[in-house]
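The next block holds one structure in the form of structure tokens; read it before the comments.
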């Protein structure tokens, strides 16, 4: 198939990483792929670095110039399917397709659980303009059916798949110690970590507050990622007197060694989540996880089975769960074993690619 992905977002996080990983996987399977995005978007430069075909268009905002640019590009480069990912590029792609005599079918992927407006224009976009909707978790599908009345038959959940050859546990203490030495992390402390863009709803503030409540000299907190909340988090860390106990590592092109260096993983999100690939990556690295029930997280993080699930925006509950894991090696071992089995059985990248191929072929065969 000839598949075009569109992404107007200029940010960087799990959504953009999934797009590029999915495209690379589809290219490896023999499909023809191309990405359309703004020139200022980080995904543009990363796609070029990875050798993924990409074209920069003025599509960061809902403006006539972006619509005309996408329409012109599609007229000159016929495709089978467009897979849009954010609001602006979905609207521009839908309007471009509606005005072309031989347009590709549109598949809309919803990565987050933020509410979708309930109005006539949005209903047109999701039901008439779009051949199929993909969500990154069943909870997001349920939300669209329940709150917006979109037909369930046109929506399919395809959680993000991860490369199980890359995300693997480090079971030998000496190997983990060597990783920490290479990364400049403490070698003889219990290392709690989070890998996520520094957005407010990822809950970093609550993690820092929970870590401060631990008040334990034998622990260290690692925060991997960057984003709009960095300055606020730096101020919070300084205010709590935690500068020597917290490492802000910034964005990392390869998060695997940072995950493998950890003892515990935490993701205290309180909004907008599908099934976060950071949790699946932590599972595949054999880490015990503390998280919340935001979005579709409970589909993989089952309390007392594959993770500890705590109340959202509750630093006290988060701190208690972290303390419990720090003090109970048997619990850490049981949760990590169950989580590793979950990742290996259900969340490899090949499973995601199989399901997306099925979605695209069904969209092509479905009546307009």
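The values are calculated or read from the model by the stated rules, or taken from the named source; none is laboratory data. Model, not experiment: these values are computed from the prediction. Cβ: placed from backbone, ideal geometry, glycine included. Neighbour counts: every protein chain shown.
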Report summary line: When the stretch 100-121 is checked residue by residue, the ones that are touching a residue at least 24 places away in the same chain (Cβ under 8 Å) and over 24 Å from the mean Cα position of the chain (by Cα) are 100, 102, 103, 104, 105, 118
Report summary line: Residues in the stretch 62-95 that are surrounded by fewer than 16 Cβ atoms within 10 Å (Cβ to Cβ) and touching a helix residue (DSSP H, G or I) at 6+ places or on another chain (Cβ under 6 Å) total 1
Report task. Kindly indicate whether any position in the stretch 256-274 is assigned to a helix (DSSP H, G or I) and without any contact (Cβ under 8 Å) to a residue 12 or more places away in the chain. Result -> no
Query - Hits in the stretch 96-126 (condition: buried (at least 19 other Cβ atoms within 10 Å of the Cβ), out of contact with any strand residue (DSSP E or B) (no Cβ under 6 Å at 6 or more places or on another chain) and more than 20 Å from residue 272 (Cα to Cα)) - result: 96, 103, 125
Query raised in the report: Of the residues in the stretch 127-148, how many are over 24 Å from residue 277 (Cβ atoms) and either in contact (Cβ under 8 Å) with a residue 24 or more places away in the chain or part of a strand (DSSP E or B) (or both)?
Result: 5
Report task. Report yes if some residue within the stretch 224-247 is crowded, with 20+ Cβ neighbours inside 10 Å, at pLDDT 95 or above and closer than 30 Å to residue 143 by Cα; otherwise report no. Result -> yes
Report task. Output yes when any residue across the stretch 285-294 is surrounded by fewer than 21 Cβ atoms within 10 Å (Cβ to Cβ) and in contact with a strand residue (DSSP E or B) (Cβ under 9 Å, 6 or more places away or on another chain), and no when none is. Result -> yes
Query raised in the report: Scanning for something more than 29 Å from residue 131 (Cβ to Cβ), in contact with a strand residue (DSSP E or B) (Cβ under 8 Å, 6 or more places away or on another chain) and buried (at least 16 other Cβ atoms within 10 Å of the Cβ), does the stretch 351-358 turn up at least one residue?
Result: no
Query - Members of the stretch 101-110 that are modelled with pLDDT of 95 or more and more than 16 Å from residue 365 (Cα to Cα) - result: 108, 109, 110
**Report entry** Search result, residues across the stretch 295-313 that are under 18 Å from residue 112 (Cα atoms), modelled with pLDDT of 95 or more and either surrounded by 23 or more Cβ atoms within 10 Å (Cβ to Cβ) or in the same structural domain as residue 13 (by TED's automatic domain parsing) (or both)
**Finding:** 297, 301
Query - Criterion violated by residue 258 - all others in (1) over 24 Å from residue 309 (Cα atoms); (2) in contact with a strand residue (DSSP E or B) (Cβ under 7 Å, 6 or more places away or on another chain) satisfied - result: (1)
